[in-house]
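Chemist: Please read through the structure below; I'll follow up with questions.
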Amino acid sequence: MKQITGLVGREALVEQIAREARKGRHLLLTGPAGIGKSAVLEAVIDRLLLRQRRIVIQVSEHQAKGQFLEIARGLLESGLLKPSALELDAGLDALDPAALEWAKLKRAVNRLSIRDLTAAIVPALHAQNGRVLLAVDDLTAVTPTLVAFWLAVCDAAQLLACASAKRPNVAKLWWKLAEIEIPPLPPEHARALAQSYLQQTGTLVESPALFVAHLIQQANGNPQALADLLADASKERVVNKQRIREMKHAAGVKYLDFTPVMIVALASVVGARYLAIGTGDTELYIFAGMLAAVVISVRVFLFRGAGKAN
Ligand SMILES: Nc1ncnc2c1ncn2[C@@H]1O[C@H](COP(=O)(O)OP(=O)(O)OP(=O)(O)O)[C@@H](O)[C@H]1O
Ligand SMILES: [Mg+2]
């Protein structure tokens, strides 16, 4: 989405986060999946690089081993770690780091254990005395066994990370990071984003205002939800009104709980029936029977509707 439209509506937020980062703080960007954490983090890094000469290592893997490999690679390529420290051929130490071909080294480095990688990475970061900035796109899957590693990273380097959930079993790590929650995109920016996407992709829409209003309501300020709905729509030759009405996205579906209403309705039916029998009121008895029929059929339709919304 960002490749098509550019980053929309996050200017102030990116500046605010960059300002916090320049103070040297460890930061954690949080928010639900698709809200734009990765996109904002990337923009923050670009901004920091404009003004400061920092060594930035970007980690985009979500799983531990992949993250360790990316850090090792970043350190190797910026000359902060000698190949021999990763048990590679010592002859490579003499090479210019830019001449190292990661594709050829990766397999050998991958054979190292997490413990060996930790023993190489942490001292290399320490030697830089806080000069390295690690941008870790996603720490959501971090496990308790890795907390010690990440705490050591926080002591030696600056950490900027994203997480869609803060698992309580790694709370010690979260304490180290100042949390910045990425808010939903406000409606005016969501509108600008949708309009820009439609223009860029040349999607034809029968009634653009209705379409965009519908999208914004469905996506609830979540750019990924917007992107999914738009990508779906752009497959059509022309998006007509029928299609707009059919579009639904989980992020925007409002779940109404009718259970209390149904309980009250059923209780009234039963109460009315007893009252009718007790007082011998035939009309009330018939009315209660009809009400029961209505309640039961409404219930059937409600459940069908809920099934569709999912
Ligand atoms: N402000 C924005 N303007 C344009 N595109 C955006 C914006 N924010 C996010 N996007 C796009 O929306 C999609 C989802 O954003 P992103 O991947 O940053 O979300 P996330 O919060 O990191 O999600 P996850 O938790 O799944 O990693 C991406 O395609 C991204 O390019
Ligand atoms: Mg992400």
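Chemist: Check residue 109 against each of (1) in contact with a Leu (Cβ under 6 Å, 6 or more places away or on another chain); (2) within 15 Å of ligand 2 (Cβ to nearest atom) and name the one condition it does not meet.
Modeler: (2)
Chemist: Which ones in segment 79-129 are of a type in the set (S, T, N, Q) and within 19 Å of residue 148 (Cα to Cα)? Show your work before the answer.
Modeler: Initially, segment 79-129 is screened for residues of a type in the set (S, T, N, Q), giving 84, 110, 113, 118, 128-129.
113, 118, 129, listed by residue number.
Chemist: Among helices (runs of 4 or more DSSP H) lying entirely in segment 56-169, which contain 1 or more residues that are free of Cβ contacts under 8 Å to residues at least 12 places away in the same chain, within 31 Å of the chain's Cα centre (by Cα) and closer than 30 Å to residue 222 by Cβ?
Modeler: Once the helices (runs of 4 or more DSSP H) in segment 56-169 are filtered for at least 1 residues that are free of Cβ contacts under 8 Å to residues at least 12 places away in the same chain, within 31 Å of the chain's Cα centre (by Cα) and closer than 30 Å to residue 222 by Cβ, what remains is 64-77.
Chemist: Next question. Farther than 28 Å from residue 79 by Cα and not in a helix (DSSP H, G or I): is that true of residue 192 in this structure?
Modeler: No, not satisfied.
Chemist: Of everything in segment 108-144 that's among the polar types (S, T, N, Q) and closer than 16 Å to residue 62 by Cβ, which residue is surrounded by the fewest Cβ atoms within 10 Å (Cβ to Cβ)? Before the answer, list the steps.
Modeler: Start the filter on segment 108-144 by keeping residues that are among the polar types (S, T, N, Q), which leaves 110, 113, 118, 128-129, 140, 143.
Of the ones still in play, those that are also closer than 16 Å to residue 62 by Cβ are 140, 143.
Working: 140: 17, 143: 11.
The selected residue is 143.
Chemist: Additional query: Looking at segment 169-178, can you tell me whether even one residue there is out of contact with any Asp or Glu (no Cβ under 7 Å at 6 or more places or on another chain), over 16 Å from residue 74 (Cβ atoms) and among the basic types (Lys, Arg)?
Modeler: Within segment 169-178, one or more residues are out of contact with any Asp or Glu (no Cβ under 7 Å at 6 or more places or on another chain), over 16 Å from residue 74 (Cβ atoms) and among the basic types (Lys, Arg).
Chemist: Out of 172, 166, I need the residue that is surrounded by fewer than 16 Cβ atoms within 10 Å (Cβ to Cβ) and among the basic types (Lys, Arg). Which one?
Modeler: 172
Chemist: Right, something else. For the structure I just gave you, tell me whether residue 231 is modelled with pLDDT of 85 or more, out of contact with any His (no Cβ under 8 Å at 6 or more places or on another chain) and surrounded by fewer than 16 Cβ atoms within 10 Å (Cβ to Cβ). Can you show your working first?
Modeler: Working: modelled with pLDDT of 85 or more: yes; out of contact with any His (no Cβ under 8 Å at 6 or more places or on another chain): yes; surrounded by fewer than 16 Cβ atoms within 10 Å (Cβ to Cβ): yes.
So residue 231 passes the test.
Chemist: Looking for whichever is of a type in the set (S, T, N, Q) and within 16 Å of ligand 2 (Cβ to nearest atom) here; the options are 118, 201, 140. Which one fits?
Modeler: Numbers: 118 fails: within 16 Å of ligand 2 (Cβ to nearest atom); 201 fails: within 16 Å of ligand 2 (Cβ to nearest atom).
One residue alone meets the criteria, 140.
Chemist: Pairs only if they're at least six apart or on different chains, beta carbon under 7 angstrom, first in segment 234-246 and outside any strand (DSSP E or B), second among the β-branched types (Val, Ile, Thr); list them, first residue then second.
Modeler: Within 7 Å, the pairs are 234/201; 234/203.
Chemist: Restricting to segment 11-52, and then to whatever is away from ligand 2 (no atom under 13 Å from the Cβ), in a loop (DSSP other than H, G, I, E, B) and in contact (Cβ under 8 Å) with a residue 60 or more places away in the chain, can you tell me which residue is surrounded by the fewest Cβ atoms within 10 Å (Cβ to Cβ)?
Modeler: 24
The values are calculated or read from the model by the stated rules, or taken from the named source; none is laboratory data. Please read these numbers as outputs of a predicted model, since none were measured by experiment. Quick reminder, even Gly has a Cβ in these numbers, built from the backbone with ideal geometry, and neighbours come from all protein chains shown.
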